[in-house]
1. Quick one: order ASP91, ASP337, ASP245 from most to least accessible surface, probe 1.4 Å.
2. Report D for the range 494-587 in µm² per second (integer): Stokes-Einstein, Kirkwood Rh on Cα pairs, 10 °C, 1.306 mPa s.
3. Might you work out the accessible area of HIS229 for me, using a 1.4 Å probe with all protein chains in place, and round it to the nearest 10 Å²?
4. For the pair VAL33/ALA342, report the inter-label distance in nm, with labels modelled 7 Å from Cα in the Cβ direction.
5. If ligands, DNA and RNA are left out, what is the accessible area of MET640 with a 1.4 Å probe, given in Å² to the nearest 10?
6. Stretch LYS573-GLU67 to full length: gain in nm at 0.36 nm per residue minus the Cα-Cα span?
7. Show THR649, THR584 ordered by accessible area, largest first, where the area counts protein heavy atoms only and the probe is 1.4 Å.
8. Under 5 Å between amide hydrogens, which residues at least 5 positions from LYS104 or on another chain qualify, with H placed 1.01 Å from N in the peptide plane?
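The values are calculated or read from the model by the stated rules, or taken from the named source; none is laboratory data. Quantities reported herein were computed from a predicted structural model and do not represent experimental measurements. Cβ: placed from backbone, ideal geometry, glycine included. Neighbour counts: every protein chain shown. To get the accessible areas, we keep the full protein, side chains included, count just its heavy atoms, and leave off ligands, DNA and RNA. Shrake-Rupley method; radii C 1.70, N 1.55, O 1.52, S 1.80 Å.
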Amino acid sequence: LPRVPNLRSQRSSLFLALATAEKEKWGPPPPEVLADALDKAEQVVRSAGGCIDSLSFGQEWREMFPEFPKDKFKGTTVTSFNKLISVHGTDRFVVQNTKKKEIKLYILKDSQGEAARLEYEQAEQQLKELANSPLGDFFNIRGGNIKGGGVKSLPRNLASYTKLDLLLNDLEPNLVAFAGGVAQVSAKDAATALNQIKRLQYQARHQVQQNRLQSAVRVFSDVAVRQIHNLNSKSVSLFLNAIADREGYEHCFEEASKHLQALASNEHDHAEGVEPMWSPQAVAVIVNAYAKVGRRDVPLFRAMSSVVSNLPNEKFDAQAVANIANAFARADARPFDQELFAKLRHVAAELPSDSWNPAALAILTSALVKADAAEPELMKQLGDNALVLYEAQGPEAFWSPTAMSQLLAAFTDAGIQHSGLFGTMGKVALQHLTYTPPRKDKRKGPRGKKPAESAQPTKVTASDKFQRATNGVTLASLAKSLRWGGQKGKRLWLILGENCRHQTFSTTDISALADAVEAFSPAEDEETMKYLSSFLRGLPEKALKSPMTISKLLAAVGTGQYNDGQVLTKLVKGVLALEPFAFTPALVADMAESISKVDNPRYMGPLGPHMADVSLKVLNFEMDSLDNPKTKARVTAYDMQRMLQSLQTLGHINEDIVSAATKLLPRINLTSADCQSLQDSAKLMKELGFEADAQEWEKASSDNNLLTRIGSI
């Protein structure tokens, strides 16, 4: 038979010949381009100690010169870094083969390069011995899993790992090499590794995985904290974020605080060459990490506030403004955050309306309210931005019930009405909750077989996402805000009630239960209220150990005609069982105000005298705790005024309470905002006939007003 020619082989040979002929036409790169590239190559090798393998060389080049245009060598004989150094850099470098054919060793032609080569070869020998040891067998060290001698000892492209086990498999041999002194890693790479471990730690479902993960975190955090003076602010933020949810790393936060304050003030002589690289996102992550571990590091917060104030406005986008505001509000960084929030409000007001998204709007408005920095004008502008977003993208933009409920809750808590926002969000919620996905075709195909499914997967709509993400907490908050915002559509409340009755509330969702009661009680939705009452009746006694929890529930049941005697009895017993030391003047005021809202003397009657007794004990306890005459009380003038007014509303204020409040007055740390509270308290005491006490409060108001004026001058 005649031989059939291999057309594929002939085609490949033809292409290879054409490519070779094309390459023969290529010439050397321009001299100035070649000289610049060789200078940069020398910087890379020298920064690694004078010797570096070709694999690490490429990674280091990309990090040191990310903007170097690769197309400068297009059409020249320089087709790789190896060509650049081995062909054109022979006067500066020695290129040496390694055990791996594809990896070369680049060595400087000077004393530094020779010393680095010897160190590299020594490390390779140590690595060989380590690989043959029991530790090597345990960690399954083979081939080049560890690159001895170089600064870059971690696997490449850590960000590409999506499986925690694979990441730990490739990191653990390096941990052994670090412990044996065979290899080292920079603080920056340690922070990068920690960040990737943080991203994948949710996959550690078993104790063995958690132990492996903890070992890696411990080793890399030790490396990062020892060399923290070499880190810029971005790397520090990655480091702190990775360890913020772990115990036993307090010393890392202490060292990081010192370094960050030095970077913030540009006093980093101890870290010569380290650029601060401040960005809004880095500041937000850092402050959020300290807030998460409960460290109220005032000097650090002051430094971060100063950094934000000095950053140019153009560095901020909507998400950056929201994240910083949220971080500082969460850390409760008052009172020195006034200038910071003024800057954030100014930047937010200048951002284009179409640059916002629902999450950023929700986070920023909530943070402003929490930090007492919500100005009505800006809040209304942010509400308008939400409407612009709706007009541009429709209901699909608001697919997250969490973002929607958080946004509306911020306006509710701030007491700022925005009829357009509440009306639109009510319409969007109704549209999402009534959406019914199309039914799948279940008809049989020919001869009873299933019909062929479409190649295109079913598209997940915004309404699908909204329904899947809705739970009891978000639904209760959303309903409460829509009730406060004046939304009264019967169909809306019918659908909200139906969805509420499909939710389950646990003992940790007491605030959500209170929100739901407050939302549905005025609607006279008996079916939903009966459903909510079943959860309230089942609350265990240990769930009612907080004054804040009980006062919120009382405030909720006081919004409508709520007459479940079993629930009211449980709440009254909870109040009477609370110890006086669990209260503060602010909590006394909250509780008294909540009690006054419940129009049911049969159940609430015993609570009036009880709260008067608690108030007196709280004031006396506050006074007795001030051993040092110079120590200021924790209570504020505003809290005192609210407590006295709420007790008056209950009809249970007496001379002992007023006298104790007046006795504590000189120990209150007054501010310029307290003048009105002092005057209101003095007016109340006059009405009650306590003239001497009223004069003391009036004098304090006058003195405080005078000091405020002098301070302003």
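1. Working: ASP91 110, ASP337 5, ASP245 80 Å².
Sorted descending by solvent-accessible area, the residues read ASP91, ASP245, ASP337.
2. Working: Rh = 13.6 Å.
This corresponds to a translational diffusion coefficient of 116 µm²/s.
3. The value for HIS229 is about 70 Å².
4. Rounded to a tenth, the inter-label distance reads 5.4 nm.
5. The accessible area comes out at roughly 0 Å².
6. Values: separation 506, 0.36 × 506 = 182.16 nm, distance 6.94 nm.
The span from LYS573 to GLU67 would gain 175.2 nm if fully extended.
7. Numbers: THR649 90, THR584 50 Å².
Putting THR649, THR584 in descending order of accessible area: THR649, THR584.
8. Residues meeting the amide H criterion: SER54, LEU55.
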